């Protein structure tokens, strides 16, 4: 496993959290500002190395499933950006929620199956994916309020997951968990 990629992805995970939290602060203060959207877009783009690192880490558990999770990240990220730029279009948001939940649930499942990561981090990824899936379904059935709250819940679990990944992807912690395998 390429340690440099893991270290870069570690910092990308933390930066994505900072950018996404900044997005919410800015849209709370100045909802019409485009700066918040730019921060969120940057937060989405910076996650690509994180999903690549997850692919590398979980490749030994399931090469195909980890590859599917990594590949699904690209349309998920693109749809998330499209949803941010066209927030009035609920159909884009619905499709985004369905597609975005796939890599979250795949990597959550693989983390749960793996001895390399604690079960708590797997649960955060799985909950994030499930909440995004529920948000898409609720929005599809015209219950926007439930869709909004479950989407926010998915985001909160995802931010916890990425923050936790920042600590787990530290060279020492990942090696300690990996050496426990024998």
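Conditions: (1) at pLDDT 95 or above; (2) over 19 Å from residue 164 (Cβ atoms). Residue 42 meets all but one. Number of the miss?
(1)
Identify all residues within the range 53-74 that are buried (at least 16 other Cβ atoms within 10 Å of the Cβ) and free of Cβ contacts under 8 Å to residues at least 40 places away in the same chain; write none if there are none.
If the condition is that a residue be buried (at least 16 other Cβ atoms within 10 Å of the Cβ) and free of Cβ contacts under 8 Å to residues at least 40 places away in the same chain, then 55, 59, 70, 72, 73 are the ones that fit.
Residue pairs, Cβ under 7 Å, 6 or more apart or interchain, first in the range 7-34 and under 18 Å from residue 125 (Cα atoms), second outside any helix (DSSP H, G or I) and modelled with pLDDT under 90. List them.
9/169; 10/169; 10/170; 13/169
Output the number of residues of the range 118-136 satisfying the condition of being without any contact (Cβ under 8 Å) to a residue 24 or more places away in the chain and within 21 Å of residue 84 (Cα to Cα). Let's see the steps before the verdict.
Looking only at the range 118-136, we keep the residues that are without any contact (Cβ under 8 Å) to a residue 24 or more places away in the chain, and these are 119, 122-123, 126, 134.
The next check asks that each one be within 21 Å of residue 84 (Cα to Cα); those that pass are 134.
Adding up the residues that qualify gives 1.
The values are calculated or read from the model by the stated rules, or taken from the named source; none is laboratory data. Everything numeric in this text was worked out from a predicted model, so none of it was measured. Positions of Cβ are backbone-derived with ideal geometry, glycine not excepted, and every protein chain shown enters the neighbour counts.
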